[in-house]
Amino acid sequence: MKKLISFIIRFVPRKYLQRVSAPALKVVGIFLRGNNVTCPIINKSYKKFLPYGRINPRANALCPDSLSLERHRLLWLYFKEKTNFFNERLHFLHIAPEQCFMKQFEARHQDGYITGDLESPLAKVKMDVHKIPFEANTFDAAMCNHVMEHVDDDIKAMSEIYRVLKPGGWAVMQVPFFNPIPDVTFEDKTITDPREREKWYGQDDHVRLYGKDYPDRLRKAGFEVTEDKFIYELGEEAVKKYALPAHEIIYFCRKKG
């Protein structure tokens, strides 16, 4: 199973996976139901989650029904406990929308929930994050999860998100980190071969390897950044129950009011 999943997500384009993965995995989910782990997004429990990852698949990662990964389940809990996401009707921009969130987010925020992506067939708006097609000060909040490692100019993309947020608005922008995490983000535009990018950046469609200076890059775009260690507030029992990323920092970014 690990090898099959690794092959599929390495070599099948994301836009095609998004169309066919949900119904196929729901069938698999029937055989995994149990009481060891729970997806808080849909409140269903399983004996275990599916493995997921391009090169070395992580065990117990992918919920077969919601399609959530560890980071998605953590963000769901974070939004519920530490933001106004579920308490107020927001004008919310979701960049490169993940299927696991879309139904619930739209039910909560209705017409105020806007999804945008350059390629995804699931998004409402076709857009390049380097040039977001909305006026300044439009959105109350935004999420851009595991996108910046793919874009040509991450500071420009971050600045665009800052621009379209209202004063006092917030965004969560997560990126992957690979151990050992370098002090400074590494990028080399001469590295274009997919296998070389996989070697240097961890994935063949990544264009940089983020370092410990990531929050400084967000600040360079204008944001006030909180490096929130919410995961440690939850405790080991919750980390195990929801299969969460044990050391993930959430980068909560606010536009100056």
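The values are calculated or read from the model by the stated rules, or taken from the named source; none is laboratory data. Computed from a prediction, not measured in an experiment: that's the story for all the values here. As a convention, Cβ positions derive from the backbone with ideal geometry for all residues, glycine included, and neighbour counts pool all protein chains shown. All accessible areas refer to the heavy atoms of the entire protein, side chains included, with ligands and DNA or RNA removed. Shrake-Rupley method; radii C 1.70, N 1.55, O 1.52, S 1.80 Å.
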Q: Return the calculated 222 nm mean residue ellipticity for the chain, to the nearest 500 deg cm²/dmol, obtained by summing -39500 (n - 2.57) across DSSP H runs with n ≥ 4 and dividing by the residue count.
A: -10000 deg cm²/dmol
Q | Entries in LYS199/LYS241; LYS103/LYS126; LYS212/LYS240; LYS82/LYS189; LYS166/LYS241 that, when Cα-Cα distance is taken, lie over 30 Å | A | LYS199/LYS241; LYS82/LYS189; LYS166/LYS241
Q: Report the relative contact order of segment 152-257, percent, no decimals, based on alpha-carbon pairs under 8 angstrom and at least 6 residues apart.
A: 36
Q) Given charges of +1 on the Cβ of Lys and Arg and -1 on the Cβ of Asp and Glu, with all other atoms neutral, how large is the dipole of the chain about its Cα centre, in debye to the nearest 20? A) 860
Q. Which is the longest stretch in the chain that no exposed loop site breaks, taking sites as trypsin sites (Lys or Arg not before Pro) with a DSSP loop state and at most 13 other Cβ atoms within 10 Å?
A. 90-188
Q. Cysteines of the chain lacking any other cysteine beta carbon under 4.7 Å?
A. CYS100, CYS144, CYS253
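In whole percent, how big is the carbon plus sulfur part of the accessible area of the chain, probe 1.4 Å, protein atoms only? Walk me through the numbers on the way to the answer.
Working: 6810 of 13040 Å².
C and S fraction of accessible area: 52 percent.
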Q) Got the relative contact order for segment 71-212 handy, in percent, Cα pairs under 8 Å and 6 or more residues apart? A) 18
Q) Tell me, in nm to one decimal, what length is gained between GLU196 and ASP216 on full extension, where the rule is 0.36 nm per residue of separation less the Cα-Cα distance? A) 4.5 nm
Q | Where the chain is the region considered: accessible area per residue in Å², 1.4 Å probe | A | 51
Q. What aspartates and glutamates sit close enough to LYS229 to cross-link, taking a C-alpha to C-alpha distance under 20 Å and skipping anything fewer than 8 places away on the same chain?
A. GLU70, GLU81, ASP183, ASP213, ASP216, GLU237, GLU248
Q.
Expected output is a single nm value to one decimal: the length gained when fully extending between LEU118 and ILE181, i.e. 0.36 nm times separation in residues minus the C-alpha distance. What is it?
A. 19.8 nm
Q. Relative contact order (percent) for the chain, with alpha-carbon contacts under 8 angstrom and 6 or more residues of separation?
A. 16
